[in-house]
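The values are calculated or read from the model by the stated rules, or taken from the named source; none is laboratory data. Quantities reported herein were computed from a predicted structural model and do not represent experimental measurements. Because the Cβ atoms are built from the backbone with ideal geometry, glycine has one as well, and the counts that use them run over all protein chains shown. With ligands, DNA and RNA removed, areas are computed over all heavy atoms of the protein, side chains included. Shrake-Rupley method; radii C 1.70, N 1.55, O 1.52, S 1.80 Å.
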Amino acid sequence: MQVVTENEINWPAALRASDSADQAAAVSELRGLLHAGLRVALNGRSDVSEAHLEDFAQESLLRVLDRLDQFQGRSKFTTWAQAIALNVAFTELRRKRWQDVSLDALMADGERITEPTMIADDAFGADEDRTHLVKVLRSAIENDLTPKQRAAIMGELREMPFDQIVELLGTSRSAAYKMLHDARRALKQRLLEAGITGADIQNAF
Amino acid sequence: MKPEDKRLTSEQVGSIVKMLSLTRDREFNCGECLQHVSEFAECQLANKPVGEIIASVEQHLALCPECREEYEALMKILKAGQ
Ligand SMILES: [Zn+2]
């Protein structure tokens with residue numbers, strides 16, 4: 001196989017080549033590209049070793065090959081593949097980081113974020129509009145969200161990684177995102193009903 | 001736990017407000033963002049205007065720190081390859 005430049009190679013076709021030697025060459029070339037990209041992206045991180053880079057490159061390669069049918073040609077193939085590789089690597093690194101947090105601490109955090117929320121009105125000084133906004137927001141968080149929606153919103157506010165929120169909710173990534181999205185829409189709707197416009201929201205902080 | 005631990009700080013209220021101001025009825029989830037982020041990144045790199053579909057990527061990145069972290073890493077790779 002002649003790999004010269006990005007413009008001259010049809011990656012999906014090469015990776016599906018019926019000639020097994022051609023196919024193996026394309027796979028190997030792609031693996032090298034992903035590995036090099038990951039090295040650039042993760043350069044300087046103390047939690048990433050050479051062995052990790054190898055693992056990430058291999059796992060990414062399999063993921064890309066598995067999703068070949070989803071490539072729509074709307075970007076360069078290599079950019080699309082690198083994005084998948086980064087998703088594989090960062091998801092794993094986040095998981096490792098949170099693995100070190102004890103189960104007890106997680107449980108405590110989980111319990112804490114499902115408790116009713118209190119927002120101190122006095123934290124916002126005398127500005128009437130802002131006080132009104134905070135009041136409506138507090139009431140909406142406490143009354144208009146399901147416990148799981150509240151947990152998801154509070155998790156986000158505590159800067160908990162999204163995968164961790166997903167785990168806490170015991171659901172899938174897309175279901176958790178939908179839960180969070182529905183919660184944000186419900187809060188926004190409540191603010192609008194209370195006469196707080198999008199512009200007010202943007203101006204308040 | 002002290003009662004004030006359960007309060008939201010002004011900073012957190014600011015975060016909610018920012019989240020709400022960015023909220024749209026239709027949004028990409030993380031999977032959809034991943035599917036289109038490569039196109040968005042190439043447009044950004046080439047200073048090309050983004051179309052309607054990939055504008056949803058920009059909106060998702062503003063709300064999702066994880067996807068943003070991965071996007072920034074992708075830009076690092078693309079810039080290194082220029
Ligand atoms: Zn995301």
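Summary table below
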{"item": "Hull volume in cubic angstrom per residue (convex hull over the Cα atoms of chain B)", "result": "131"}
{"item": "Taking all pairs of distinct alpha-carbon atoms in the range A:11-97, Kirkwood radius in angstrom", "result": "13.4"}
{"item": "Most fluctuating residue given options B:Ser21, B:Ser56, B:Ser38, as computed from a GNM of chain B linking Cα atoms under 10 Å", "result": "B:Ser21"}
{"item": "Solvent-accessible area, 1.4 Å probe, carbon plus sulfur percent, for the range B:27-82", "result": "50"}
{"item": "In degrees, nearest ten, helix B:52-63 long axis to first principal axis of chain B (Cα)", "result": "40"}
{"item": "20 Å reach of a label modelled at A:Glu92, 7 Å along Cα-to-Cβ, counting backbone N of the range A:56-72", "result": "A:56-68"}
{"item": "Cleavage-rule hits, trypsin sites (Lys or Arg not before Pro), chain B, DSSP coil, Cβ neighbours within 10 Å at most 12", "result": "B:Arg26"}
{"item": "Value of [θ]222 nm, deg cm²/dmol, for chain B, DSSP H segments ≥ 4, -39500 (n - 2.57) each, nearest 500", "result": "-22500 deg cm²/dmol"}
{"item": "Total accessible surface hidden between A and B, rounded to 100 Å², 1.4 Å probe", "result": "4400"}
{"item": "Heavy-atom accessible area per residue - chain B, 1.4 Å, Å²", "result": "52"}
{"item": "Average other protein chain Cβ within 10 Å of Cβ, residues A:86-93", "result": "4"}
{"item": "Of A:Lys96/A:Lys148; A:Lys76/A:Lys178; A:Lys135/A:Lys178; A:Lys96/A:Lys135, pairs whose Cα-Cα distance is over 32 Å", "result": "A:Lys96/A:Lys135"}
{"item": "Number of partner chain Cβ atoms within 10 Å, mean per residue of A:178-185", "result": "4"}
{"item": "Computed FRET value (nearest 0.05) for A:Arg45 with A:Thr197, which takes r as the C-beta separation and R₀ as 35 Å", "result": "0.20"}
{"item": "Listing of the range B:36-58 residues, each with accessible area lower by at least 20 Å² in the full protein assembly than in the chain alone (probe 1.4 Å)", "result": "B:His36, B:Ser38, B:Glu39, B:Glu42, B:Ile53"}
{"item": "Using alpha-carbon coordinates, inclination of helix B:10-22 to the longest axis of chain B, degrees", "result": "40"}
{"item": "Distance-filtered residues of the range B:33-54 - backbone nitrogen under 17 Å, label point 7 angstrom along A:Arg173 Cα→Cβ", "result": "B:33-39"}
